[in-house]
1. Got at least one residue in region 337-355 being part of a strand (DSSP E or B), of a type in the set (Ser, Thr, Tyr) and open to solvent by less than 50 Å² (accessible area, probe 1.4 Å)?
2. Taking interchain pairs and intrachain pairs at least six residues apart, which have beta carbon atoms under 7 angstrom, with the first residue in region 286-303 and on the phi > 0 side of the Ramachandran plot and the second crowded, with 23+ Cβ neighbours inside 10 Å?
3. Being crowded, with 24+ Cβ neighbours inside 10 Å and outside any loop (DSSP other than H, G, I, E, B) is the filter here; which residues of region 190-206 pass it?
4. Just the residues that are assigned to a loop (DSSP other than H, G, I, E, B) and within 23 Å of the chain's Cα centre (by Cα), please, taken from region 105-123.
5. Checking the structure you have, find out if any residue of region 245-267 is of a type in the set (Asp, Glu) and open to solvent by less than 40 Å² (accessible area, probe 1.4 Å).
6. What are the residues in region 277-293 that are part of a strand (DSSP E or B) and either among the acidic types (Asp, Glu) or over 20 Å from Thr236 (Cα atoms) (or both), if any?
7. Report, by residue number, each residue of region 407-443 that is assigned to a helix (DSSP H, G or I), farther than 19 Å from Gly459 by Cα and free of Cβ contacts under 8 Å to residues at least 12 places away in the same chain.
8. Tell me the residue from Thr86, Thr80 that is within 27 Å of the chain's Cα centre (by Cα) and among the hydroxyl-bearing types (Ser, Thr, Tyr), please.
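The values are calculated or read from the model by the stated rules, or taken from the named source; none is laboratory data. Computed from a predicted structure; not experimentally measured. Reconstructed Cβ throughout: ideal geometry from the backbone, glycine too, with neighbour counts over all protein chains shown. Remember, those area values only see protein heavy atoms, side chains included, never the ligands or the DNA or RNA. Shrake-Rupley method; radii C 1.70, N 1.55, O 1.52, S 1.80 Å.
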Amino acid sequence: NLYAYSIRKGANPAMDVVFRHYNEALRLDPKHRAAHEYLGEAYLMTGNVTIPAGSRLDIDPGVLVIGEAGASIIVQGTGTIQALGTAPKPILFRALSCNNRWGGIAINNTGTAGASPTQNLRYCDLEFGDSTAGYAGCVAPVGSKIIIDHCSFRFLTANAVDGTDARVEVRDSLFEKINEGVHCTSSTVIVLDSTFRGMVGDKDGIDFDLNGSERSRIERCLIEDGSDDGIDLQETTVDIRDNVFRNISDKVLSLEMNGPLGPPTITGNLIYNSGSAIALKSGISVTECHHNTVVGNQEGVNLYAKAGASDGGHGIFHSMILWDNIADVKLDSLSTASFTFSNVSSGVRTGTGNISSDPRFANVAADNYALRSGSPCIDTGKDASDMGAIPFTGSAPTFLRADSDASQAIGINDVVFTLTYIFRGGTIPPCLDAADANDDGAVDISDPVFTLFFLYAGGRNPPAPYPVP
């Protein structure tokens, strides 16, 4: 706030006194002085800032933009905003008062054609914003193109990004403690390499309704710790690839009806410790749902018709791992599901190449769902691929039985390490197979006891691999 007051310095004699004291603090305290030099210029928005057609607003790296209640940036017509921060000097957007949030950044019909201007937010950090009056999101492109790159959105009461008839690309960005992360209607949306964490209340990480002129994509994202859906799609054509979802209380993928460019595709995703992992409903027919690992959820795949709908969900699945879900597969009388070359814990499904056998994940306790050597899922997916989202990458790592701390030797430290892990919440052993000293398939109190007998009481040698890793 002191930075903000500097813009209107002289308007309040009491603040002049504060500023003299603050400048003295900068002179005496190198830490504060470094912060001052980092921030560079600061600007206070006392009301809306409008960028008219043909004009351009540049915001430089390290700038601090503080908004009074509801104050927003509005880009009109062929106007442009280029807020281009850097990793060491991001652009900060903040509220002047904790009780009165600033508005947002609205982009109004600047065009989506090839010749239309592209709005850019790069290395921008937005906190305690709301939305511009008449718009739905803190960043709200309407009939416009925007690239959001390496940005952070936190503590927002509105959706972080909300587009309508827009083309939106989000890259390497963070959405944390927000309403919805990215919500778009009738838009083409690409979301890559981004994290969505801690959505508040009945809000989804990503929510698309209807479709733009191209297929949308959601790739290599992490979506976690949400109380509603991870991704919610309605009549939208989206390719959902190579993402990780965990701790989503409701539906991870909530997909309803096909989009105008065809149904969504679901490939290479890891989904665990959530509610309903893949929910297909009310007329959607997904023909490409393969190489996904779905573990430890309330429901693995759920296909159904919503109340009043005349059709259910339909899915064709291959090279899937559905393991240890309370219900691996559910479907109602209006829905259909076919599986081939898949591993399902509740029993072998009807279809070519299906199995029901322990997939031998690398380290479930450490959330590592890659395949270990000897997994029945290796080379048994469609076209001799590996089942699941994370393929086997080579020969098994070496380990020494009973070497719990991976020191390449067996001693009392291994006993202490294992006991601390079991009873004190200590570090997970680098290799659980090594910590399983008696090779009974579990890491429990019998393993440190076995090691103690081996070391000090003439007990039998650890099973292989011992004595050579």
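1. Filtering region 337-355 for residues part of a strand (DSSP E or B) gives 337-340, 343-344, 355.
If we keep only those that are of a type in the set (Ser, Thr, Tyr) as well, we get 338, 340.
So of that shortlist, the ones also open to solvent by less than 50 Å² (accessible area, probe 1.4 Å) come out as 340.
Yes, because at least one residue in region 337-355 is part of a strand (DSSP E or B), of a type in the set (Ser, Thr, Tyr) and open to solvent by less than 50 Å² (accessible area, probe 1.4 Å).
2. Filtered contacts from region 286-303: His291/Ser319; His291/Gly381; His291/Gly388; His291/Ala389; Gly296/Asn325.
3. Taking region 190-206 as the starting set, the residues that turn out to be crowded, with 24+ Cβ neighbours inside 10 Å are 191, 194, 196, 199, 204-206.
Result: Val191, Phe196, Ile206.
4. Of region 105-123, the ones assigned to a loop (DSSP other than H, G, I, E, B) are 112-117, 123.
Tyr123 - this is the single residue of region 105-123 that is assigned to a loop (DSSP other than H, G, I, E, B) and within 23 Å of the chain's Cα centre (by Cα).
5. Quick first cut of region 245-267, residues of a type in the set (Asp, Glu) only: 250, 256.
Remaining after also requiring open to solvent by less than 40 Å² (accessible area, probe 1.4 Å): 256.
Yes; the residues of region 245-267 include at least one that is of a type in the set (Asp, Glu) and open to solvent by less than 40 Å² (accessible area, probe 1.4 Å).
6. Filtering region 277-293 for residues part of a strand (DSSP E or B) gives 277-281, 285-290, 293.
Result: Glu288, Thr293.
7. Thr420, Phe423, Arg424
8. Values: Thr80 fails: within 27 Å of the chain's Cα centre (by Cα).
Answer to the selection: Thr86.
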